[in-house]
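Down below is the structure, laid out as structure tokens.
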Amino acid sequence: QAQLVESGGGLVQPGGSLRLSCTASGSILRFNIMAWYRQAPGKQRDAVADISSGGSTNYVDSVKGRFTVSRDNAKNTVYLQMNSLKPEDTAVYYCYALTDRRDYWGQGTQVTVSS
């Protein structure tokens, strides 16, 4: 079992930055992949970025060059640094983790980009 707790969301102006954190209950080394998803109102939940246990990363095209996913194994935490935020980045952001047996979701944190 594992729990994922996100934090760091909020209201930010266009062009601003936020850093999201996802802290797991226990070591994140057991997860093959950790990822960030987002879901805007009325839309499906989509992947934003992921990071493997070895540190390899992937990003959706719309955030490349603006978002950075990273992990701190000692703190059992994965981060999503979001720069140059746009109104279309507004969504609930969810943390996701995958083991060999199952996957886990956090409860989500709201990010609103608006002037």
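When the range 87-97 is filtered for residues that are loosely packed, with under 15 Cβ neighbours inside 10 Å and out of contact with any Pro (no Cβ under 8 Å at 6 or more places or on another chain), only Glu88 remains. Within the range 51-86, the set of residues being modelled with pLDDT of 95 or more and either in a loop (DSSP other than H, G, I, E, B) or touching a Pro at 6+ places or on another chain (Cβ under 6 Å) (or both) comprises Ser56, Val60, Lys64, Gly65, Arg66, Asn76, Asn83, Ser84, Leu85, Lys86. Of the residues that make up the range 104-113, is at least one open to solvent by less than 60 Å² (accessible area, probe 1.4 Å) and among the polar types (S, T, N, Q)? Scanning the range 104-113 turns up at least one residue that is open to solvent by less than 60 Å² (accessible area, probe 1.4 Å) and among the polar types (S, T, N, Q). Of everything in the range 19-35 that's open to solvent by less than 30 Å² (accessible area, probe 1.4 Å) and more than 10 Å from the chain's Cα centre (by Cα), which residue is modelled with the lowest pLDDT? Checked the range 19-35; the qualifying residue modelled with the lowest pLDDT is Ile28.
The values are calculated or read from the model by the stated rules, or taken from the named source; none is laboratory data. It should be emphasised that the depicted structure is a prediction, and the values quoted were computed from it without experimental measurement. We place every Cβ from the backbone using ideal geometry, glycine too, and count neighbours over all the protein chains shown. SASA here: full protein model, heavy atoms, side chains in, ligands and nucleic acids out. Shrake-Rupley method; radii C 1.70, N 1.55, O 1.52, S 1.80 Å.
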